[in-house]
Structures are given as C-alpha cells and as structure tokens.
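The values are calculated or read from the model by the stated rules, or taken from the named source; none is laboratory data. Note that the structure is predicted; figures quoted are calculated from it, not measured. Because the Cβ atoms are built from the backbone with ideal geometry, glycine has one as well, and the counts that use them run over all protein chains shown.
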Amino acid sequence: MAFPFYWMLATSFKSPQEALQAEPVWVPERMKPMNWLKAARLGDSPLFGGLGPGRSVALFFPGPEAKPPKALVPRSPGAFFDPVADGTRVEVARGEGGWWVRLTNTGEAGFRRVPLVVLWPKGVPLEPPLPPDARRSQGEYWRLEWVNAVPGALGYVFHNYLEAWDAAPWGRYFFVSFFTASVQVAVGLFLAALAAFALARIPFPGKEAVFVLVLATMMVPGEVLLIPNYVLLARLGWLDTFYALIVPWLASVFGIFLLRQFYLSLPQDLFDAARIDGAGYLTQLFRIALPLSIPGLVSYGTFTFLGAYNALLWPLIVTQSPEMRTVQLGLLAFVSEAGSDYGALMAASAFVIAPVVLGYFVAQRQFIQGIARTGLK
Amino acid sequence: MRTYPLHWVLGVGVLLALGLYAQRLGFLPAWGAWSLWAGYLLLALWGLLWGGWRAVPLVLGLLAPLFPPLAFLGPLGAALSLGRTLPEKAQAAFYGWALVWPALALLLVWQVFPTLYAFYLSLFDRVNFLRPAAFAGLQNYRILLEDPLFWRALGNTFWYVVFTVPTGLLLATFVAILLNTQVAFLGLYRTLFFLPYITALTAAAAVWRWIYHPEFGFLNWLLHTPGLDWLNTPTGVFALLLRPLGVELQGFLAGPSLAFVAVMAMSVWHFLGYQVVILLAGLQAIPKEYYEAAELDGASFFQKHRLITWPLLSPTTFFLFTLGLIGAFQVFTQVYVLTPTGGVLQDTLTLAFYLYNKGFRDSDFSYASAIAMVTFLVILVLTLVQRRLLEKRVNYEI
C-alpha cells in the first residue's frame with residue numbers, strides 16, 4: 001500500500017540519471033546523510049548554498065599529478081545569454097594529493113545554482129567531493145555532471161522540489177485551491193447546518209416535500225450536472241472565476257443529511273428547555289445544536305475539503321487561465337510539461353499531496369472518524 | 001381572521017428573486033417573472049392589511065426587479081419586526097422555511113434545474129451556442145444507441161464494476177477483519193491503508209504512471225517484463241491470458257484492455273482505505289458477545305466470519321457496493337491522467353470521459369447531455385434492481 005508513496009519520495013530525490021535506470025535505485029544519493037554533510041560544505045550558506053559576488057568555492061578531487069582533469073561550467077542549451085556560465089571563473093589547480101577545482105563568481109549578482117562539468121581521466125580512481133548527478137563516457141574522459149556545485153544541504157537534497165516549484169506558479173495554485181476549498185467548507189457548513197436544523201427540529205408545513213426533494217437530488221450523478229451547470233455559468237459570465245469553482249457546490253445534500261442525522265440524535269428535552277427559557281429557533285440552533293454537533297461538522301468539513309482540494313474534472317472544465325488553476329490542474333499541466341524529468345514530477349506530486357497528508361497526521365483521529373461516519377446510515 | 005402565512009410570502013419572494021435572475025439570463029420569459037411579482041404584491045398587500053405598520057418591510061420586496069435579493073430580505077425583515085406578535089405555529093413555519101430556503105434555492109438552481117435542463121438540451125441537434133440549434137427530438141438518443149464508442153464506454157464501466165467492486169470489497173473486508181483482531185500498531189496499518197484515499201487522484205495517478213513506465217517503470221522490473229507498455233496495450237486481458245492456450249477472443253469477450261486493468265488496479269489501491277475504514281467501523285459495531293458465544297460452541301475462524309461477521313456486516317457491505325457501483329459511472333480523473341487520450345483505440349474510455357470528450361472537446365453539448373441522461377437512467381435502474389434483489393438479504397438488525 002505504501003510502496004507508491006515510497007517510490008514517489010525516492011524518485012523525487014533522484015537525479016535524472018538515477019531515475020532512468022533499468023535497475024531501480026532504492027536509496028538515491030541525495031537521501032544519504034553522508035552526502036548532506038558533503039553538500040553543506042559547498043556554497044555560501046551550509047543550508048541553502050549559493051555563490052555570492054566575489055565569493056568562490058573549491059572542490060577537491062584526490063588524484064595523481066600525471067593526469068589532470070578539466071572543468072567547465074556548462075552553458076544552458078539554447079540560451080542566448082547565460083549569466084552563470086559567463087560570470088563564473090573556473091580554475092583547476094594542483095594541490096596536495098589531488099586537484100582543486102575552484103569556482104569564483106566574478107559577476108555582480110549572486111548565483112543560486114552553478115552547474116559544473118568535470119572531465120575526469122578514465123582509469124583514475126574517482127573520489128568526488130559530492131556524488132555527481134550524472135556520469136557519462138566522453139572519449140578519454142568520464143564526463144561528471146553536477147546540476148549544482150554550490151547547493152548547501154537543503155539545496156542538494158531538495159533540488160528537484162526547488163526545480164518543480166520554480167517551474168510553475170505553485171503559490172498561486174495553492175492559493176486558489178485553499179481558497180476554493182475553505183470557502184466551500186465554511187459557507188457549505190453554514191447553509192447545511194441551517195437547513196438540517198430546520199428539517200430535524202422545526203415543525204413546518206411542507207417539510208416532507210422538501211425532504212423528498214433533497215433525497216431525489218441525491219440520486220442525480222455528478223456528470224449529469226456538468227454540461228448544464230457549465231452553460232449556466234457561461235450565461236452568468238462566471239467562467240474562469242472563483243464563483244465557478246465555488247458556488248455550484250455550496251449546497252450539499254450529503255451535508256444536510258449528515259447534520260440532520262446529528263440533530264435528530266440530540267435529546268428533544270434540551271430544545272424544550274431552551275424554548276421554555278424563551279430561546280427562539282436561531283438561538284437554539286447556534287447555542288445548542290451547533291456546539292453539540294461538532295463531530296458532524298468536522299466530518300462534513302473533512303469530506304468537503306478533500307473533495308474540493310482533490311477535484312480535477314470541474315476545475316478543468318470551468319477554468320482556462322493559469323491564474324485560476326487549482327493545484328490539481330497545475331499538476332496535470334506539469335505532467336505533460338515535465339516530460340521525462342520524473343524527479344521533478346514526483347517532487348511536484350509530493351508537495352501537492354503534502355498539505356492533506358500533513359493535516360491527516362495532525363488530526364488523525366478526527367480524520368478517520370470523520371470519514372468513518374460517512375458510512376453510517 | 002386566519003393567521004397570515006408569512007412563509008408563503010417568503011417562498012414567493014425566493015422564487016421571484018430566482019425568476020428575476022433567470023429572466024436576466026434568458027431562461028424565463030418576462031411574463032413569468034412579472035406574474036411572480038404580482039403574486040408577491042397580492043401577498044404583501046394582505047400582509048399589510050393583517051399586520052399593519054409592522055409588516056411594512058414586505059414592501060421592500062416589491063423593489064426586487066432592481067435588486068432581486070430584496071424579495072428574500074423583505075419578508076425576513078417583516079418577520080423580525082412582527083416578532084412575537086406572530087402565533088407560535090406561524091413562527092415555526094416561517095423560520096423552518098427561512099432556514100431551508102438558502103440551501104434549497106442553491107439546490108434548485110445548481111442541481112434540480114440543471115437535471116431538467118440537461119434533458120432539454122439533449123433534445124436539440126448539436127447545441128454549441130455558436131449558432132441556433134434545431135429541435136431534434138430523440139435523435140441524439142437514437143444515434144447514441146448505435147454509437148460503438150458509447151457501447152465501449154458502457155462495456156468498460158461494466159468491467160470496471162465487475163473487477164473493482166468485488167476485489168475491493170473482499171480485500172477490504174479481509175484487511176478490516178485482520179485489523180480488528182487487536183493487532184499491534186493498528187494506527188500505523190490503518191494509516192498505511194488510509195493514505196492512498198486522501199491522496200489526490202491526480203497525484204496518485206501521476207505516480208502510478210511512473211510505476212507503469214514501459215522502460216524505467218518499477219513494475220516492469222518487478223515482473224521481468226521489460227518494455228511492456230501497460231497503459232498503451234489495447235488487447236483484452238482474457239484474450240492475453242487465453243492466447244497461450246490457443247483460444248482467440250474478440251470484442252467484448254476479450255475483456256477490458258490491459259491498459260484499463262492497470263487503471264483499475266490503481267483505483268482499487270486508491271479506494272481501499274475508505275472501504276477499510278468504513279468496514280472497520282461496521283465491525284466494531286458488532287457486539288463481542290456473539291463471537292464469545294460462537295467460540296464457546298467451538299466455531300472455527302472461518303465459521304465465525306461466515307455466520308456472524310458476513311451477515312451482520314451486510315448493511316456496510318451493501319452501502320459500499322452501492323457507492324462502488326455509482327462511482328464506477330463517474331470514473332474520470334485517474335483515466336484522464338493515466339491515458340490522456342482515452343487509450344489506444346479508445347480502450348480506456350469511460351462514460352464520464354466520453355461525456356467530457358463530446359461536450360468539451362467536440363463542443364457538442366446536446367449529445368453529451370444525452371450521454372448524461374442515459375447514464376442517469378442506467379444508474380437509476382441499477383439502483384432499483386439492486387434494492388429489489390440484494391437489499392432483501394441485508395440484515396439491518398444487530
């Protein structure tokens with residue numbers, strides 16, 4: 001059950017060469033604590049790395065004097081102007097028992113990433129200061145590639161996460177998702193509580209008819225509503241707005257049912273006593289019924305939040321612009337953009353599910369009970 | 001004189017507000033909204049005669065054509081100003097309706113009306129709002145019944161139910177029974193099974209797509225089947241299994257394609273946790289005494305579960321079965337992420353996917369609506385049949 005999660009996390013820490021192996025790599029280099037220490041020595045800050053203007057970093061490769069390695073900062077392919085490659089001076093110098101590769105930032109701005117390629121003569125044992133992200137054969141040499149020679153510990157471990165995060169406006173996606181889900185939960189909860197209270201505790205003419213209507217709407221499968229609701233939103237001019245994501249799902253039959261069940265299970269005496277003390281219906285609802293039905297509210301809230309956060313089809317239909325994408329749509333777009341960069345793709349998947357999983361670990365009991373309660377009739 | 005039915009004004013007020021919006025959007029002719037307005041006017045006049053100055057806020061509702069929500073706020077204001085002068089029964093009626101209306105109005109607008117509107121749309125020829133559509137009667141349904149892709153989608157849904165629902169239920173019951181026997185680290189196991197369910201389907205499907213990768217996927221390494229392209233193999237699994245025996249199966253009998261089975265495996269994995277949690281709750285509701293009595297009588301593990309657990313758990317199983325059945329008709333996300341084009345030869349097409357393709361890729365809203373209506377009908381019939389046939393065997397008493 002947990003294997004796909006492990007595989008997702010493991011891949012999210014892999015370099016592309018590690019990810020694309022026929023034989024699976026169980027523990028990628030970036031997950032080994034020894035390498036974290038090595039990475040912490042590279043770069044200005046031990047955690048976040050980087051190379052400020054005028055600063056330099058030296059990497060030591062033990063090896064004999066007879067065969068000198070070569071080093072260069074590769075230009076990003078297709079870029080017309082590459083400040084990192086142009087602004088970094090690379091020197092290879094002989095030190096005691098090995099070679100020093102020294103990178104110096106000669107530019108005006110600091111660099112977060114400095115890629116490095118070292119051509120290491122074949123036949124010489126290799127003991128690099130940090131395991132290379134890729135190793136290919138190039139004539140007489142091994143071509144060793146690092147995506148970042150100044151990573152710092154976190155920058156090294158979470159390289160794929162940073163790459164994935166920078167590749168798309170995830171902050172905005174998360175905002176859209178959280179805003180949509182929270183408003184749906186808050187307003188939906190309020191409306192469902194009102195209706196459920198009336199259906200459970202207020203004798204009013206036409207109650208049975210309302211209840212039957214609510215029951216009947218439960219029978220309608222979601223996909224019947226896709227087209228007509230889309231048309232309705234289009235006529236309202238609400239497509240590609242928060243209204244389209246939120247409003248159609250505010251009234252929830254499921255929530256009304258769940259809360260009604262809760263209110264019915266509360267003893268009637270409670271409400272009679274309140275009535276004798278002069279409490280109106282609204283007072284009864286907000287002072288007695290709501291506080292006592294918190295488990296039901298949590299259950300509904302969990303379910304609705306999960307549904308809203310994890311939804312794909314509805315946001316896919318009603319939004320077009322990148323500003324209105326939810327995280328799931330962002331991930332969907334990323335799946336097709338990332339191509340074979342599975343490390344970044346898995347990293348993106350990991351941080352998309354992270355909020356829900358974290359929420360689960362914080363409130364495990366409420367989560368499980370909340371879901372379990374949806375099965376009670 | 002009888003009590004004044006304030007809740008009627010409220011009801012007419014809400015309908016008036018909705019009607020005014022509908023008229024603005026062109027769903028309702030002007031006379032419809034105006035007759036509602038006239039109805040409101042009559043009731044408001046009656047209210048003024050009955051309640052005097054306290055009922056004056058009702059007049060606000062008459063301004064609804066300027067700002068529709070006023071038709072709801074007017075009666076609300078009147079109720080507040082009338083307060084306790086209203087008899088008890090009228091208060092109950094008013095507040096009952098006042099609390100129900102917000103949710104009810106939303107349900108009417110976003111669920112009841114759309115269901116009818118979908119049917120209405122399905123009667124036209126290629127509605128896409130670029131040009132006026134011609135009325136076509138049941139033409140769309142006639143085409144639909146001869147549409148091979150629709151039948152394929154329906155067949156896939158059938159296989160989806162046949163494969164995932166029993167597998168999922170059996171696995172989940174097994175796991176739930178194991179977890180219910182005072183196992184150590186219950187919380188850990190429960191978390192393990194539950195995590196997939198709270199994981200977003202999109203992310204989960206992305207991970208599984210990577211696991212199914214033909215060259216570097218984990219599954220191919222595990223099974224020693226390098227290069228097997230799980231998600232792009234349209235051959236049916238029965239055909240694949242029986243081919244070595246020399247039996248060639250074609251069409252529907254070939255079974256769901258390998259790609260679709262891969263999608264189903266992922267779905268079972270995803271929903272298992274939910275089923276386990278629900279079943280575990282059901283198991284814990286069964287009194288321990290039954291098992292103790294059975295043990296005294298010398299019942300074996302298997303007997304206990306067949307004769308006590310299975311019948312007493314049947315309401316939960318039935319609930320999950322119904323959910324699985326309905327869920328099967330709405331499978332979209334995992335298919336869309338795993339096989340974005342609907343698979344080779346459309347072999348992973350599901351009803352929801354076909355509807356999406358027709359409506360939002362081909363912009364044929366009326367045909368998509370026809371698919372939706374037929375799906376609705378099928379679900380309705382299945383639920384009824386299932387109630388008649390299966391629910392008789394469900395034991396609701398513990």
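Can residue B:280 be described as under 29 Å from the mean Cα position of the chain (by Cα) and assigned to a loop (DSSP other than H, G, I, E, B)?
Taking the combined requirement at face value, the residue does not satisfy it.
Which of the residues spanning the stretch B:133-148 are out of contact with any Phe, Trp or Tyr (no Cβ under 8 Å at 6 or more places or on another chain) and either surrounded by fewer than 16 Cβ atoms within 10 Å (Cβ to Cβ) or not in a loop (DSSP other than H, G, I, E, B) (or both)?
Across the stretch B:133-148, the qualifying residues are B:137, B:138, B:139, B:141, B:142, B:145, B:146, B:148.
Take the stretch A:329-345 and flag every residue that is within 8 Å of chain B (Cβ to nearest Cβ), closer than 30 Å to residue A:240 by Cβ and in contact (Cβ under 8 Å) with a residue 60 or more places away in the chain.
A:345
Does any residue of the stretch B:120-132 turn out to be part of a helix (DSSP H, G or I), at the interface with chain A (Cβ under 7 Å from one of its Cβ atoms) and under 23 Å from the mean Cα position of the chain (by Cα)?
yes
Residues B:396, B:354, B:367: which one is modelled with pLDDT under 90 and of a type in the set (Phe, Trp, Tyr)?
Result: B:396 is the single residue among B:396, B:354, B:367 that is modelled with pLDDT under 90 and of a type in the set (Phe, Trp, Tyr).
Among the candidates B:239, B:184, B:172, single out the residue that is in contact with a Gly (Cβ under 8 Å, 6 or more places away or on another chain) and farther than 23 Å from residue A:341 by Cβ.
B:239
So, in the stretch A:193-212, exactly how many residues are among the aliphatic types (A, V, I, L, M), more than 7 Å from chain B (Cβ to nearest Cβ), surrounded by fewer than 22 Cβ atoms within 10 Å (Cβ to Cβ) and within 29 Å of residue A:311 (Cα to Cα)?
1
Give B:392, B:358 a once-over and let me know the one that is charged (D, E, K, R), within 12 Å of chain A (Cβ to nearest Cβ), part of a helix (DSSP H, G or I) and more than 27 Å from residue A:349 (Cα to Cα).
Going through B:392, B:358 in turn, the sole match is B:358.
Looking for something within 18 Å of residue B:267 (Cβ to Cβ), at pLDDT below 95, of a type in the set (Val, Ile, Thr) and in contact with a Leu (Cβ under 7 Å, 6 or more places away or on another chain) - is there at least one such residue anywhere in the stretch B:334-345?
yes
I want to confirm something. Restricting to the stretch A:201-254 and keeping residues that are assigned to a helix (DSSP H, G or I) and among the polar types (S, T, N, Q), which single residue is nearest to residue A:175 (Cα to Cα)?
Checked the stretch A:201-254; the qualifying residue nearest to residue A:175 (Cα to Cα) is A:229.
Restricted to the stretch A:9-29, and to residues that are facing chain B (nearest Cβ under 10 Å) and farther than 22 Å from residue A:151 by Cα, which residue is surrounded by the fewest Cβ atoms within 10 Å (Cβ to Cβ)?
A:23
Every residue in the stretch B:276-303 that is under 11 Å from residue B:320 (Cβ atoms) and touching a Ser or Thr at 6+ places or on another chain (Cβ under 8 Å), please.
Answer for the stretch B:276-303, where residues must be under 11 Å from residue B:320 (Cβ atoms) and touching a Ser or Thr at 6+ places or on another chain (Cβ under 8 Å): B:278, B:279, B:282.
Would you confirm whether or not the stretch A:76-83 contains a residue that is touching a Lys or Arg at 6+ places or on another chain (Cβ under 7 Å) and either assigned to a loop (DSSP other than H, G, I, E, B) or within 14 Å of chain B (Cβ to nearest Cβ) (or both)?
yes
I want to confirm something. Restricting to the stretch A:227-250 and keeping residues that are buried (at least 20 other Cβ atoms within 10 Å of the Cβ) and either in contact with a Ser or Thr (Cβ under 9 Å, 6 or more places away or on another chain) or on the phi > 0 side of the Ramachandran plot (or both), which single residue is farthest from the other protein chains (Cβ to nearest Cβ)?
Taking the candidates together, the pick is A:245.
Quick check: is even one residue across the stretch B:149-161 more than 9 Å from every other protein chain (Cβ to nearest Cβ), in a helix (DSSP H, G or I) and in contact with a Pro (Cβ under 7 Å, 6 or more places away or on another chain)?
Looking through the stretch B:149-161, at least one residue is more than 9 Å from every other protein chain (Cβ to nearest Cβ), in a helix (DSSP H, G or I) and in contact with a Pro (Cβ under 7 Å, 6 or more places away or on another chain).
What's the total number of residues in the stretch B:232-267 that are part of a helix (DSSP H, G or I) and more than 22 Å from residue B:344 (Cα to Cα)?
Number of matching residues: 2.
Restricting the stretch A:356-368 to residues that are more than 8 Å from chain B (Cβ to nearest Cβ) and buried (at least 16 other Cβ atoms within 10 Å of the Cβ), which is nearest to residue A:307 (Cα to Cα)?
A:359
Select from the stretch A:24-75 the residues that are under 30 Å from residue B:220 (Cα atoms) and in a loop (DSSP other than H, G, I, E, B) and list them in ascending order.
Matches in the stretch A:24-75: A:24, A:25, A:26, A:27, A:28, A:32.
Here's a check for you: in the stretch B:315-338, which residue that is within 7 Å of another protein chain (Cβ to nearest Cβ) and aliphatic (A, V, I, L, M) is surrounded by the fewest Cβ atoms within 10 Å (Cβ to Cβ)?
Within the stretch B:315-338, the match that is surrounded by the fewest Cβ atoms within 10 Å (Cβ to Cβ) is B:326.
Residue by residue through the stretch A:255-283, note down the ones that are surrounded by fewer than 16 Cβ atoms within 10 Å (Cβ to Cβ) and assigned to a helix (DSSP H, G or I).
Selection gives A:264, A:265, A:268, A:269, A:270, A:272, A:273, A:275, A:276, A:282, A:283.
Which residues, counting only those in the stretch A:153-192, are surrounded by 23 or more Cβ atoms within 10 Å (Cβ to Cβ), among the hydroxyl-bearing types (Ser, Thr, Tyr) and under 30 Å from residue A:41 (Cβ atoms)?
Within the stretch A:153-192, just A:156 meets the criteria.
Applying the selection to the stretch B:293-338, what residues are in contact (Cβ under 8 Å) with a residue 60 or more places away in the chain and of a type in the set (S, T, N, Q)?
Passing the criteria: B:309, B:314, B:317, B:322, B:333, B:334.
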